[in-house]
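Since the structure comes first, as structure tokens, the remarks are kept for the end.
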Amino acid sequence: MLFKRKSIEKIIEESGKKSKLKRSLSAMALVALGVGVVVGAGLFSVTGQAAGDYAGPGIMISFIIAAIGCALAGLCYAEFASMIPVAGSAYTYSYATMGEFIAWIIGWDLVLEYSVAAAAVASSWTGYFNQLLLNFNIHFPPELLKTPFETFELDNGITVNGIINLPAAFMVCLMSFILMRGTKGSALFNNFIVVLKVLIVLLFIALGFKFVNPENLTPLIPHNTTGKFGEYGWSGIFRAAGLVFFAYIGFDAVSTTAQETKNPKRNMPIGILGSLLICTILYVAFAYVLTGVVNYKEFGTANNSDALAPIVTAIKNMGTVGPDGSIVPAYPWLNIFIIASVLLGYSSIILVMLLGQSRVFYSMSQDGLIPKIFSDIYPKFKTPVKSNFIFMIFISLFAAFIPGKVVSEMTSIGTLFAFVLVCIGVIILRKKNPDASRGFRTPWVPYIPILGAITCLFIMLSLPMDTWIRLVAWMIIGMDVYLVYGIVKSKIAIHDTLTDRAYSYKITSITGIILCFILGVMTYCHHSLINKNDSLLIYFSSTLCIFNFLFYIYYIIKAKNLLNK
């Protein structure tokens, strides 16, 4: 059956963690963990783009809105984590609490989140890598730094398209090969990376503060571009909040430590809210300096070929105006130091994202929902080499040919969607399993979960329509895989009757038809109201809708035939 649940005892047994985890983490330890995880790639990549294209100096408000959504969802996530004493993900939690179908949806969404996040960070890595080479007067062919959907201007003024983002693809492949061979995390190295990331932010704020020009910060919220939702104004603030949500990805690592926390009912809220508060203050100060040193329009993707490397642009403008009118950087050494540090941090983040993605698919494969190849362990390295290799190909192609702006937005919407489901899940669990053991209980249920779901959903709604189209298309593909393979091979449903199987086919197909209808409406609106020239997305969406509608009708008929046997 679709909503058959996996017992918590079974999950513990399969994880090999039959003994309880030691409760050793204090509130301050959780805050330190949260700050270390949250301050990462997103801040150094999407902040400039979000300010330049959507919010202007109001990006500071966008960070606050995104933090509120994270805090509300984080409290809900903590309850899930505390119910199951294993280091799992939302996929594992939902399997034990809401059933296989919801677990599949969340797991499929998490794969999207991790995959495109790795591609997004790799795209930003290219920008910083190019700037590092330029500091040593090395010129990498510009056609190999941009995707075919991005343009750049040659020295003679001619605008041409890119061919491939080669450094991004290379980094994904390199980190994948390292992952295949097995990587044992060094606590000392991880702590060094954490300190380095926080140091970069503090150093940037401290040195750049005196170069802030108040004129660049006025008005705080630029007037909305007439007739265009999301281009400045309050609609731009919320759209930017959706994009910079990427900068908060990883904060839920605090939630997953509920079983290792002293007095979790007290310390979990302190850890989640405290780390988010500190990070939000750092982010707002960072955005203040960034948009104060350089006019926000300079960060827009249309005006800046290094839109995903905003610190580079800001540092170039920290200095005095020379005789020829150009700016003489006051800290030329800072640029090289920060770029090298960011590249080092980015490499580890790409590795972690690829690790998380492969482990989600590993769990889903272990449950029989996807082919066994994704959970095959290579004897020599003790890692899922085949799974890593398949996703290396997929994600490297994504990084090589899809613009960083697109993958950043897809990462944010995928994460927000998972948080909405988690918030709703807490309410459902309180009704269905009120007496279940919980190390941490989300306060003020159902108000906190409802506010969390509404906040995350509202941020999602502010993202561009084409981002929604890609999300729905991905979920439709997920329904296809579940229909063809997951329902048949699921280990938990091995004893299902024909009636159970027919019910699963019917509900999944109906869900798919609804998604096709939603995709068709969004595609029509996007084509007629927003971008009539985006023909590739229109053709792809239309073909996907028609093919899958017929596909789901076939499975509904198949379900009916099963019931008649």
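The values are calculated or read from the model by the stated rules, or taken from the named source; none is laboratory data. In this text, all values refer to a predicted model and were calculated from it rather than measured experimentally. Glycine also receives a Cβ, built like all others from the backbone with ideal geometry; neighbour counts cover every protein chain displayed. Just so you know, the surface numbers come from the protein's heavy atoms only, side chains and all, with ligands and any DNA or RNA stripped out. Shrake-Rupley method; radii C 1.70, N 1.55, O 1.52, S 1.80 Å.
In percent, how large is the relative contact order of the chain, given Cα pairs closer than 8 Å and 6 or more residues apart? Write down the numbers at each step before the final one.
On the way: 965 pairs, mean separation 152.1, N = 565.
Relative contact order of the chain: 27 percent.
A Cβ-based charge dipole, computed about the Cα centre of the chain with Lys and Arg at +1 and Asp and Glu at -1, lands at about 2320 debye. Relative to the dominant Cα principal axis of the chain, helix 59-83 is inclined by about 30°. From the alpha carbon centroid of region 466-505 to that of region 114-167 is 39 Å. Please say if region 386-425 is rounded, prolate or oblate, where rounded means a/c under 1.5 for a ≥ b ≥ c the square roots of the C-alpha gyration tensor eigenvalues, and otherwise the choice is prolate for a/b larger than b/c and oblate otherwise? Cα axes put region 386-425 in the oblate bin.
Taking only the C-alpha atoms of region 403-448, the Rg (one decimal) and the largest Cα-Cα distance, Dmax (whole number), read 15.0, 48 Å.
Spin-label model, V321/A29: points 7 Å from Cα along the beta carbon direction are separated by 5.5 nm.
Tell me whether region 162-247 comes out rounded, prolate or oblate; compute the Cα gyration tensor, take square roots of the eigenvalues as a ≥ b ≥ c, and use a/c under 1.5 as the rounded threshold. Numbers along the way, then the final one.
On the way: a/c = 2.74, a/b = 1.59, b/c = 1.73.
It comes out oblate by the Cα gyration axes.
Close amide-amide hydrogen proximity is noted between G319 and A330, each under 5 Å apart and 5 or more residues distant or on a separate chain (H modeled in the peptide plane; Pro and chain starts excluded).
Three principal axis extents of region 376-499 based on alpha-carbon atoms, in descending order, are 46, 44, 36 Å. Taking every C-alpha pair closer than 8 Å and separated by at least 6 residues, the mean separation divided by the residue count of region 111-166 gives a relative contact order of 28 percent.
Within region 449-565, the proportion of C-alpha pairs whose separation exceeds 23 Å stands at 43%.
Provide Rg over Rh for the chain; use the alpha carbon set for both Rg and the Kirkwood Rh (inverse mean inverse pair distance).
On the way: Rg = 23.7 Å, Rh = 24.5 Å.
Here Rg/Rh amounts to 0.97.
Karplus-based coupling profile of region 194-203, in residue order and whole Hz: 4, 4, 5, 4, 5, 4, 4, 4, 5, 5, with θ = phi - 60° in 6.51 cos²θ - 1.76 cosθ + 1.60 and x standing for Gly or Pro.
The overall shape of region 440-501 is oblate: from the C-alpha gyration tensor, with semi-axes ordered a ≥ b ≥ c, the ratio a/c is 1.5 or greater and a/b is no larger than b/c.
Ligands, DNA and RNA left out, the 1.4 Å accessible surface of the chain is 67% carbon and sulfur atoms.
When the alpha carbon gyration tensor of region 287-418 is reduced to an equivalent ellipsoid, its three semi-axes come out at 42, 17, 12 angstrom, largest first. Cα axis of helix 385-401 to longest principal axis of the chain: angle in degrees, 0 to 90, nearest 10? Helix 385-401 and the main axis of the chain meet at about 40 degrees.
Over the chain, accessible surface divided per residue gives 43 Å², non-protein components excluded, 1.4 Å probe.
Which entries of K431/K506; K489/K558; K432/K558; K386/K432 have Cα-Cα distances beyond 29 Å here? Show your work: numbers first, answer last.
On the way: K431/K506 26 Å; K489/K558 17 Å; K432/K558 32 Å; K386/K432 39 Å.
Table pairs above 29 Å Cα-Cα are K432/K558; K386/K432.
Relative to the longest principal axis of the chain, what angle (0 to 90°, nearest 10) does the C-alpha long axis of helix 264-293 take? For 264-293 against the chain, the angle is about 30 degrees.
Under 5 Å between amide hydrogens, built in the peptide plane, is the criterion, and for T261 it picks out S24, L25 among residues at least 5 positions away or on other chains.
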